[in-house]
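Beneath this line is the structure, given in structure tokens, with notes to follow.
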Amino acid sequence: MFLNILVAIDGSEHAAAALRTASQLAGEEHARLTLLTAVPPAPAFAQLAAAGAAPLADVEELMGEAGRRIRKQVDELPDDLSVTSLVVAGHADKVILDRLNEGRHDLLVMGTRGLGRMGSALLGSVSQAVLHHAEVPVLVVRAPGATSPGEAPAASDR
């Protein structure tokens, strides 16, 4: 039985599938959901910009966009679910693992792949890193019909 489920989301199809799965689990188990989006740090070249405020403005813009994306997804969840949403600056794998350690979560649900670095990515490499270091069960969800780059669609997807 899970009581406190962390869901790593980034706006990708896989993350949306993970959220649907976590929402269903939370409803069945009367569990709390915590939605987490990581906003990656600005690339090194952006930190060298002549206008010192430019990188900060970019990070604030990304944080705001991530917050809007989470808010939209929260609005689509059933009203009877207990939901907390967080937008945290940092590398996705570190942010997720830190939250698992701090938040007393008993399950992590995440997608198999994400949007990419500038889209608060939950890339395959992030999923792998989290799987290897998480101290709670991890449910990795693939969006229906989605394939990885270079992978042929399954017979049922054709």
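Assorted remarks:
- Projected label points at Leu139 and Met1, each 7 Å from Cα along the beta carbon direction, are separated by 1.6 nanometres.
- Highest-first arrangement of 129-137, 72-80, 6-14, 97-105, where packing means the average Cβ count within 10 Å: 6-14, 97-105, 129-137, 72-80
Here, each number is a calculation from the coordinates, and none is a lab measurement. Since the structure is predicted, the reported quantities are computational estimates derived from the model, not experimental observations. We place every Cβ from the backbone using ideal geometry, glycine too, and count neighbours over all the protein chains shown.
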